[in-house]
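> Handing you this structure, nothing more for now.
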There are 2 protein chains.
Amino acid sequence: MPTHKLRIVPLGGLAEIGKNMMALEYGNDIVVIDAGLMFPSEEMLGVDLLIPDISYLLARRKNLRGIVITHGHEDHIGALPYVLSRIAPPVYATRFTRELIMVELKQRGVKTSAKLNLVSPGSRITLGKFTIEFFSVCHSIPDSVGLVIHTPVGIVVHSGDFKIDHTPALSEATNFNQLALLGAKGVLLLLSDSTYAELPGYTPSEQVVRDTLDRIVSEAKGRVIVTTFASLVSRMQQVFDVAVKHGRRVFIVGRSMKEIASMALKTGYLTAPPGIICRLDELKTLPHNRVIVLSTGSQGEPTSALVRMANRDPSSRIQIIPGDTVVISATPIPGNEALVSKTTDSLFHQGANVIYDKVAQVHVHGHGSQEELKLLLSLVKPKFFVPIHGEYRHLSLHASLASSVGIPEDNIFVLDNGDILELGQDSGKVVGRTRVGVIYVSGMITGELNAGVLRDRKLLSRDGVVVVTVAVDAGNGRLAERPRIVTRGFIDTGEEQKLIEKGRDVVLAALDHDKRRLSEPSFVDARVKDSLSKFFYEQIHRRPVIIPVVVEVSAKNSEVSTR
Amino acid sequence: MPTHKLRIVPLGGLAEIGKNMMALEYGNDIVVIDAGLMFPSEEMLGVDLLIPDISYLLARRKNLRGIVITHGHEDHIGALPYVLSRIAPPVYATRFTRELIMVELKQRGVKTSAKLNLVSPGSRITLGKFTIEFFSVCHSIPDSVGLVIHTPVGIVVHSGDFKIDHTPALSEATNFNQLALLGAKGVLLLLSDSTYAELPGYTPSEQVVRDTLDRIVSEAKGRVIVTTFASLVSRMQQVFDVAVKHGRRVFIVGRSMKEIASMALKTGYLTAPPGIICRLDELKTLPHNRVIVLSTGSQGEPTSALVRMANRDPSSRIQIIPGDTVVISATPIPGNEALVSKTTDSLFHQGANVIYDKVAQVHVHGHGSQEELKLLLSLVKPKFFVPIHGEYRHLSLHASLASSVGIPEDNIFVLDNGDILELGQDSGKVVGRTRVGVIYVSGMITGELNAGVLRDRKLLSRDGVVVVTVAVDAGNGRLAERPRIVTRGFIDTGEEQKLIEKGRDVVLAALDHDKRRLSEPSFVDARVKDSLSKFFYEQIHRRPVIIPVVVEVSAKNSEVSTR
C-alpha cells in the first residue's frame, strides 16, 4: 500500500495551448514533465513570450528529481532556459530533443549546471520513487516519446504529443504493444494530448502528403518551392525523396531550415543521397524543372526566406518567377492566419501557382483526432483520466470522448493550471490550488503581467499620446505662457495643426477659468486632462493618452521657452 | 456598333475582401455597384473602418447615374453613409437591403438628398445607357440580387454574392433560367464572386443545418442557446421552425438580433406562429427543455449577449447553467478566431455543452464553392471574365477555374483595385489606373492612412512612452535641476523606480558631459533621446518612445518645480 497520494499539478498546458509543464509528486519526490513557452496573444502588447510560473517548484526545490522532456517543440522545451537559470535539476531527453535544447540554451545565453541526460525509446530511468520508461510516439518532430511512469500508487501513462500513423515518413510509429500490455496489467492514470480533440475521425497519414507532393512535382514545369516547419524533419525527408524520384536537386534556404537539416543529416534523422543538396552557384545553372527549393516561412514570418521572396526583397537569394509552384506544406498556427494569407496573395501576384492546405492536402498535422484518442484510451484502459495539452474546449471534448469509451465521469478530471489533483488507488480529488500567474518575458524583463501597463499600451496604440506642457509663473501662480502641445501617434500632421492650436486654447481657458492659483499640481493636472480629453472627443471622437507636464518658472523671466 | 468602350473600374473588393465597390462607365454614363466598408486588420492601430477612395467618382460626378446595391451586408452598403455625404446619386436596392441602408444612414447621423429607390428581382431600371435587370441569388441575407446589365457593348452579368442552394430555408434560390437564356444569347462579361474559390466541391445546403439543429434540439435535455449572424434571417427561420417542431419557445437576446428579427417579421422575410417568441418574464417560468434562446455574439464580440453570458456578466439577462447546449451557428470571420475560441472555452468552463463548426455542421456559408462557380461560368458562357469579391489568391484561383471551363486566358482579367479595364466587343485591355488609396475612418476623422502615425502607435503599443522634462537655466545655459521622467505603458511600477532613477542620471550625464551650452533645442532633444534609448535597451532590451520636453527657466528662480 502506498503511504502517500500521487499529486498531479499542471503548471501550464491546460486551457492555454503551448506552455506545457506538469509536476508529478509522491512524498518527497517531484518529477516535472516538459517546460514549454507560449507566444502571447495580440492583446498582450509588448510581450515577447510567456513561461509557466514555477513558484510551486521553487518552494519544493529540494524534492525536485528531474525534468523529463517528451519532444523538442518550443511549447515543450522553450521555458527551459528560464527554468534552468533558477533551478538545475537533471534533464532527460532523447537525442534530437537534446540537440534542440542545447541550441535553445545557447541562443538565450544561459549557462546552467543542470545535466542534460540522453534517453531513448525503451530506456528506463529512476527518479526518487518514480521509474520512467520512454516509448516512441509519432508526432511532427523526430524522436518524440510518451512516458510510462511507475509510481507507488500505480502506473501513469503520459502520451506526449502524438498521432497514430501506420505509414509515417520516418520510423516513428507509435508503439502500441507496450501500451496494450500495460492496459491489460492495469493503468492508474492516463494523461493524453487533447490538441485535436475537436476533429472527428482519424488524422491522415504522412503518406497522403507524399502522394500529393509527388503529383505536384511531377506536374510542375518550373521550379517547386516547398515551405514547411523547420522541425518537421519527416516532411523534409519527403521532399528529398520526391526530389530524388523526379531527378531534381534541393536548395535549402532560411537559417533554421538549414541548421536543422544539417543537424538531422549528421545525426541520421534525415537521409539524402550525396549530391542531392545543391549550392547557390549550382542552382543558377540548373534548368527550372530540375530544382526544388526547401524554404522557411510557412507561418508568413516577416523576415523568413519565403516572405522575402513574396515581397521581392532585393536581398533575397531567390526571386519568384512566373511558372514557379509554391507549396505551403503547413497550416497557419492560430494567430498567424493573416500573415500566411498575405504571403500567399503576394506569391500569386508575382505569378506563382500557390498550393496550400485549403486547395490540396499538402499538410497533415501531428496530433491524433477523435478516433485515435479513443483508441489510446481503449488500449490503455486507465482508471483515471486527465486530458492535457489543449485549451478548455479541447479538454472538455476529450473528457466526453473518455466518457464515451466507458471511463466513469467521476474518474475524469478536467483540470485548470494550478489545480492540485491527488490520486489514491481508488479515488481522486482536487485538493487545492497553487499559484499560477502568467509569467511574461519582455526583452530582459521577466515577471507578472501588470494590467495597468497593458491597458496604457492599448490606449496608446489606438490614439497615441499628447504631452501638454504648462508653465506656471512661480510668483503670481498664473500661466507664464500659452500651453505647449507635442503629440506622437495621434493624428495626421496636416489635420492636426488646427486641432492642436484649438487644444492649446482649450487648456488655456480651462486653467484661466476661475482665477484660482495654479500652485496645486493635482488641480492643474486634472484640469488639463479633463478639458483636453473632452475637447478631442467632441471634435474627432478620439481619446489619446494625455500627459500634462507642469513647470514652475520665475516671474522675472520673460523669455520662457518650451518645446 | 458601340461608339465607346465599356470601362470597368474596381474601387474596392479586389485583393481586399469586404470593401466592395465598382464603377461601370460608358461614354458619359457611370453606374456604381455596391459601396462597402472593410474592417481594419490588426496592424491598423486605432482605425475603426476603411472605405473606398471615390476620387474617380468625384472627378466625374456629373456622369454618375446611380448606385446599385446587391445586398445588405456591411461590405456592400457600409460606405454609403460616407459616399452619400459627398455625392447624392439615386440608390437602388431591394426592400430588405433598403431597410438596412436606412438603419445605417441613421446610425451614422447622415442626412442625404439621395433618393433610395426600391427595386425587386425581375424589375428593370434604366440609368443613362445602362439598363439593369435584377435577379434573385441565394446568399446569407434575404433579398440578395445579381445584376444583368445591358450596355451598348454587350451584356454584363454581375453575380453579387451568391451560392447555389436547391433547398434554401427561405424562398431565395438562385434564378438560373434567366442566366441560361442569356448564356445562349451571348454575354460580354461575367463579374463573379470569388470569396470561396479556394474550396473544392459544392457549398452544402441550408438543409444540412436544419437537420443538425433538429437533432441537437431533440437531444438536448436543457435549454438550447443558438447564436448566429443577426442578418442571417434564414438561420433565424430555421431556429423558429425547429422550436415549433419541438414545442419550445424562442427568447431573443441582443440588440441587433432583436431589431432585425422585428424588421424581418414585419416585412415578411421571417415567419413565426403567434406566441412562439417569449418575453423575459415568461422565460423564467418555462421549463428548460421548452426554451431556445437566439442570441448575438457569434463572432465573440466583447459586448454581445453571448459573451456576457460566457463571462457571467451580472448584468446579463441570461446566465449559463450546466446542462445548457450552446450552438455557435457561424464560422469566425478572419481575425475573430481568438475571440470566438475564448468565448467557447468560457462557455465550456461554465458547464455548457458547446457545439460549433469544428464538431458538427451547424453552419454553412453563403458563397459558392468551386463547382458552383464553374456552373455559373458554364451557364453564362461569357466572352470575358473578371473575378471579383476576394483577396488576390481567391481571384487567381477563380481565374484558373474559368480557364478550366474553356474561357481563353487572354479574356480573363485578374484586376487590382484602381485598374481601368476597357472592353470592346472583341477585346479588352487594362488601359490605366486610377487613384485608390486606403481611406480610413477613425472616430470622426476620414482620410488617408499616415504611415508615420501608425508606426508611432505600433512603437507606443510595445513599450509605452517616456516623457523627459529638462529645465535649462536661461542665464547660464546649464541644467536648472535634475531631469524629470514620467512614463505610461512602459514597465511595471515596482521594477520601474530604480530604472527611472538611473535613467535620470543617464540624461544628466549626457547633457553635462561636454559643458556645451544647452541653448540648442535640437542638441538637447537628440542627446536625451539617444542616451536614454541606449540605456533602456542595454538594461532591459526595450525601446519606449522617448519625448523630451525642454523648458527654459530663469536663473533667479531657485524653486523650479517640474512634475
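> Can you give the Rg to Rh ratio for the stretch A:267-345, taking only C-alpha atoms and Rh from Kirkwood?
1.00
> Count the net charge of all other residues whose Cβ sits under 15 Å from the Cβ of B:M102, scoring Lys and Arg as +1 and Asp and Glu as -1.
+2
> Report, to two decimal places, the Cα Rg of the protein assembly as shown normalised by 2.2 N^0.38 Å (N = number of residues).
Relative to the 2.2 N^0.38 Å estimate, the protein assembly as shown comes out at 1.03.
> Treat every Asp and Glu Cβ in the stretch A:452-500 as -1 and every Lys and Arg Cβ as +1, leave all other atoms uncharged, and give the resulting dipole magnitude about the Cα centre to the nearest 20 debye.
200
> In a shell of Cβ-Cβ distance under 13 Å around B:N311, excluding B:N311 itself, what net charge do Lys and Arg (+1) and Asp and Glu (-1) give?
0
> May I pose another question? Going by C-beta contacts inside 10 Å, put B:D473, A:D165, B:D530 in order with the fewest on the left.
Starting with the residue having the fewest Cβ neighbours, the order is B:D530, B:D473, A:D165.
> Then there's this: Could you give me the radius of gyration and the Dmax of chain A, taking only the C-alpha atoms into account and expressing both in angstrom?
Taking only Cα atoms of chain A, I get Rg and Dmax of 29.5, 95 Å.
> Calculate the mean, over all residues of peptide B:463-474, of how many other protein chain Cβ atoms lie within 10 angstrom of the residue's Cβ.
Mean inter-chain Cβ contacts per residue within 10 Å come to 5.
> Determine the shape class of the stretch A:175-220: with a ≥ b ≥ c the square roots of the Cα gyration tensor eigenvalues, call it rounded for a/c under 1.5, and otherwise prolate if a/b is greater than b/c, oblate otherwise.
Judged from the Cα gyration tensor, the stretch A:175-220 comes out prolate (a/c at least 1.5, a/b above b/c).
> About its Cα centre, how strong a charge dipole does chain B have in debye, to the nearest 20, once Lys and Arg get +1 and Asp and Glu get -1 at the Cβ?
1200
> Let me ask another. Can you work out the FRET efficiency for the pair A:T446 and A:R255, with r the C-beta to C-beta distance and R0 = 25 Å, to the nearest 0.05?
With R0 = 25 Å, the Cβ-Cβ based efficiency is 0.45.
> So, one more: Within a 10 angstrom radius of each residue's Cβ in A:541-553, how many Cβ atoms of other chains show up on average? Whole number is fine.
Partner Cβ neighbours, averaged per residue: 6.
> Ranked highest first by average number of other Cβ atoms within 10 Å, how do B:252-265, B:361-374 line up?
Descending mean neighbour count gives B:361-374, B:252-265.
> About the Cα centre of the stretch A:20-160, how large is the charge dipole given +1 on each Lys and Arg Cβ and -1 on each Asp and Glu Cβ? Please answer in debye to the nearest 20.
The calculated dipole for the stretch A:20-160 is roughly 800 debye.
> Give me the inter-chain shielding for A:484-492: mean count of other chain Cβ atoms within 10 Å, whole number please.
That works out to 6 on average.
> Still on this structure, please answer the following. Can you list residues from other chains, or at least 5 along the same chain, whose modelled amide H is less than 5 Å from the amide H of B:L479?
Correct list: B:D473.
> Something else now. So if each residue of separation counts as 0.36 nm, and I subtract the Cα-Cα distance between A:I87 and A:N311, what length gain in nm does that give?
Full extension of this stretch gives 76.2 nm more.
> Could you run the Karplus curve 6.51 cos²θ - 1.76 cosθ + 1.60 with θ = phi - 60° over the stretch B:249-260 and give me ³J(HN,Hα) per residue in whole Hz, x for Gly and Pro?
Couplings: 10, 10, 10, 9, 10, x, 4, 5, 5, 5, 4, 5 Hz.
> Shifting gears a bit: Can you list the distances in nanometres, one decimal and ascending, from the B:Q425 label point to the identical position in each other copy, with the point 7 Å along Cα to Cβ?
9.5
> When ranked by the protection proxy of mean other Cβ atoms within 10 Å per residue, highest first, what sequence do the peptides A:210-218, B:178-186 form?
Packing order, densest peptide first, comes out as A:210-218, B:178-186.
> Only sites in a loop by DSSP and with at most 13 other Cβ atoms within 10 Å count here; which trypsin sites (Lys or Arg not before Pro) in the stretch A:414-497 make the cut?
Here the sparse-neighbourhood loop sites are A:R435.
> Could I ask something else about it? How large are Rg and Dmax for the stretch A:145-302 when only the alpha carbon atoms are used, in Å?
Just the Cα atoms of the stretch A:145-302 yield Rg and Dmax of 19.6, 66 Å.
> List the residues, sorted by chain then number, that are 5 or more residues from A:H541 or on another chain and whose placed amide H is less than 5 Å from its amide H.
B:M444
> Here's another thing I want to ask about it. If a/c stays under 1.5 just call it rounded; otherwise compare a/b with b/c (prolate if a/b is bigger, oblate if not). Do that for the stretch B:101-179, with a ≥ b ≥ c from the square roots of the Cα gyration tensor eigenvalues.
The shape class here is oblate.
> Using packing as a proxy for protection, rank A:292-299, B:268-275, B:410-417 so that the peptide with the highest average count of other Cβ atoms within 10 Å comes first.
A:292-299, B:410-417, B:268-275
> While we're looking at this one, here's another question. List every residue whose amide H lies under 5 Å from the amide H of A:F384, counting only residues 5 or more places away in sequence or on a different chain, with H placed 1.01 Å from N in the peptide plane.
Amide H neighbours of A:F384, under 5 Å, 5+ apart: A:L189, A:L190.
No value in this document is a laboratory result; all are computed from the given coordinates. Since the model is a prediction, treat every value here as computed from it, not as a measurement. Ideal geometry is used to build each Cβ from the backbone, glycine not excepted, and the neighbour counts take in all protein chains shown.
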